[in-house]
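Engineer: Below is one structure. I have some questions about it.
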Amino acid sequence: MSSLFESPVFSIALTLGVYQLATRAYARWRHAFLNSVLLSIAALILFLLATGIEYETYFAGGRIISFFLGPAVVALAVPLYERLGDVRRNVRAIAAAILAGGATGVLSAAGIAALLGASRAVVLSLAPKSATTPIAMGIAEELGGIPALTAAIVIATGVLGAVIGPWFLRLAGVRSRLAFGLALGAAAHGIGTARAAEEGTLEEAMSGLALCLNGIATAVLAPLLLHAFDPLIAAS
């Protein structure tokens, strides 16, 4: 049985099976906290703890699934192409939203952490939390943060954004479908984009665009904005 658990094929089947069940649960009850990604992560963590399977063993198969992240991101170009007219008509609004979202993403985490006295490494690791994972880890490494911590924070940010993001946007009175998609993509990257796709093709396209542009914006803005917190970071 242990040899079965150590097989990459088992890890792949387990991940896909858990996600399928989580998707069905969400489709049936449509509760925000039954988000498919959130349920899948929780179920897989509990399974690994219960069986004693090491994460490295599980990730032998998980790495194969992760390979398809790249093609999945590229596939976001399809809904974006179909909505290219909306992008052209709203270039200025989109640019302003990305700049505001990128700055807010950095300051809302790194700024607060610096003010609360977090260590320099933690502050720098939190700065790119709203960028997609590969970009965020690269930024954190360049800044002197801890890429592994950044990866965990990025995933948590995406899940949280997908769970409460739509509710918060509606509570705030956001009615624009374009703004809705941009907000989810800029704040919650890929996981937020998956949630935006449930709202409609325009939201999906705008969220995918925001995901990509916010990664670039974060790479540019993070080093600049963090200079303002240098005295606080150095003293912590």
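The values are calculated or read from the model by the stated rules, or taken from the named source; none is laboratory data. In this text the structure is predicted, and so the values were computed from the model without any measurement. Virtual Cβ from ideal backbone geometry, glycine too; neighbours counted across all protein chains shown.
Engineer: When residue 43 is evaluated against the numbered criteria (1) touching a helix residue (DSSP H, G or I) at 6+ places or on another chain (Cβ under 6 Å); (2) small (Gly, Ala, Ser); (3) within 16 Å of residue 224 (Cα to Cα), which criterion, by number, is the only one it fails?
Structural biologist: For residue 43, the exception is condition (3).
Engineer: Right, another one. Please go through region 179-193 and pick out each residue that is surrounded by 20 or more Cβ atoms within 10 Å (Cβ to Cβ) and of a type in the set (A, V, I, L, M).
Structural biologist: Residues satisfying the conditions are 182, 183, 184, 186, 187, 188, 191.
Engineer: Sticking with this one: Just wondering, is there one or more residues in region 160-167 that are aromatic (Phe, Trp, Tyr), at pLDDT below 95 and surrounded by 18 or more Cβ atoms within 10 Å (Cβ to Cβ)?
Structural biologist: Within region 160-167, not a single residue is aromatic (Phe, Trp, Tyr), at pLDDT below 95 and surrounded by 18 or more Cβ atoms within 10 Å (Cβ to Cβ).
Engineer: Same structure, new question: Is it the case that residue 82 is among the acidic types (Asp, Glu) and in the same structural domain as residue 181 (by TED's automatic domain parsing)?
Structural biologist: yes
Engineer: Identify all residues within region 96-130 that are over 15 Å from residue 183 (Cβ atoms) and either within 15 Å of the chain's Cα centre (by Cα) or loosely packed, with under 15 Cβ neighbours inside 10 Å (or both); write none if there are none.
Structural biologist: Across region 96-130, the qualifying residues are 106, 109, 112, 115, 116, 117, 119, 125, 126, 127, 128, 129.
Engineer: A follow-up question, please. If only one of 40, 3 is in a helix (DSSP H, G or I) and modelled with pLDDT under 90, which one is it?
Structural biologist: Sole residue among the options that is in a helix (DSSP H, G or I) and modelled with pLDDT under 90: 3.
Engineer: Further, regarding this structure: So if I check each of 73, 9, which one is at pLDDT below 90, in a helix (DSSP H, G or I), more than 22 Å from the chain's Cα centre (by Cα) and among the hydrophobic types (A, V, I, L, M, F, W, C)?
Structural biologist: On inspection, the qualifying residue turns out to be 9.
Engineer: Does residue 139 satisfy the condition of being surrounded by fewer than 23 Cβ atoms within 10 Å (Cβ to Cβ) and in a helix (DSSP H, G or I)?
Structural biologist: no
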